[in-house]
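Written below as structure tokens is the structure these notes are about.
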Amino acid sequence: SRACLVRCIAHGEAVASRAAGKRIVVVLGNTGAGKSAFINYLHGCKFQYEEEDKMVVRDDSELEELMRIGHTNRSETFSPQVEDATDSLGSGFAYADCPGFLDNRGFEINVANAANVRHTVCAASSAVVVVVVNYYSLRADRGKGLHDLLRILLS
């Protein structure tokens, strides 16, 4: 609904203010590709595997999980989550963990996600964009997942 879209975008604008004036590393990709895990790795977290090959931040990791890692096909990220990266990248840096493309929560959420990623990037002083691709999507259905991701990125 229109009200849902307006609320989601308003929330995203508030979150985007955390990127204001910072140099951000924007991490994009499909839901479940490993964006949050990638940021936690860059941040310096130590990982371990649990049952069913779930990768989690170790209890004895010197650095705590910065971005919550989801383990289902439901997106955990509602709008870009912006967190300070001073500990790992230096002063003035931040990570932006973006919602997955092809989010499974409806059309309004997908539109709001796109607007919120744009607001976050525009608020930053500069941005480096990293696209995370799940290895299995390269192999499944003759690369259809990668093809779909490229179509989204280029449109």
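The values are calculated or read from the model by the stated rules, or taken from the named source; none is laboratory data. On a predicted model such as this, the values are computed, not experimentally measured, just so you know. So basically every Cβ, Gly included, is an ideal-geometry build from the backbone, and we count neighbours across all protein chains shown. Remember, those area values only see protein heavy atoms, side chains included, never the ligands or the DNA or RNA. Shrake-Rupley method; radii C 1.70, N 1.55, O 1.52, S 1.80 Å.
Things worth noting here:
- Here ASN30 clears all of (1) open to solvent by 50 Å² or more (accessible area, probe 1.4 Å); (2) touching a helix residue (DSSP H, G or I) at 6+ places or on another chain (Cβ under 8 Å) except the condition numbered (1).
- Residues in region 130-149 that are modelled with pLDDT of 75 or more and open to solvent by less than 100 Å² (accessible area, probe 1.4 Å): VAL130, VAL131, VAL132, VAL133, ASN134.
- So ARG18, is it among the basic types (Lys, Arg), under 17 Å from PRO99 (Cα atoms) and open to solvent by 30 Å² or more (accessible area, probe 1.4 Å): yes
- Considering region 33-46, the residues that are touching a helix residue (DSSP H, G or I) at 6+ places or on another chain (Cβ under 8 Å) and surrounded by 15 or more Cβ atoms within 10 Å (Cβ to Cβ) include one that is nearest to LEU146 (Cα to Cα), namely ALA33.
- From the list ALA3, ALA10, ALA96, ALA114, the lone residue that is free of Cβ contacts under 8 Å to residues at least 24 places away in the same chain and either touching a Pro at 6+ places or on another chain (Cβ under 7 Å) or closer than 22 Å to ASP148 by Cβ (or both) is ALA114.
Condition check ((1) over 14 Å from CYS8 (Cα atoms); (2) open to solvent by 10 Å² or more (accessible area, probe 1.4 Å)) across all residues:
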residue	(1), (2)
GLU83	yes, yes
THR86	yes, yes
GLY100	yes, no
GLY106	no, yes
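- Strands (runs of 3 or more DSSP E) completely within region 1-111 that count 1 or more residues being aromatic (Phe, Trp, Tyr): 47-50, 93-97
- Meets criteria (in a helix (DSSP H, G or I), among the small types (Gly, Ala, Ser) and closer than 22 Å to SER79 by Cβ) for ALA127: no
- Looking across region 62-86, the residues that are among the acidic types (Asp, Glu) and either at pLDDT below 90 or within 13 Å of the chain's Cα centre (by Cα) (or both) come down to GLU62, GLU64, GLU65, GLU76, GLU83.
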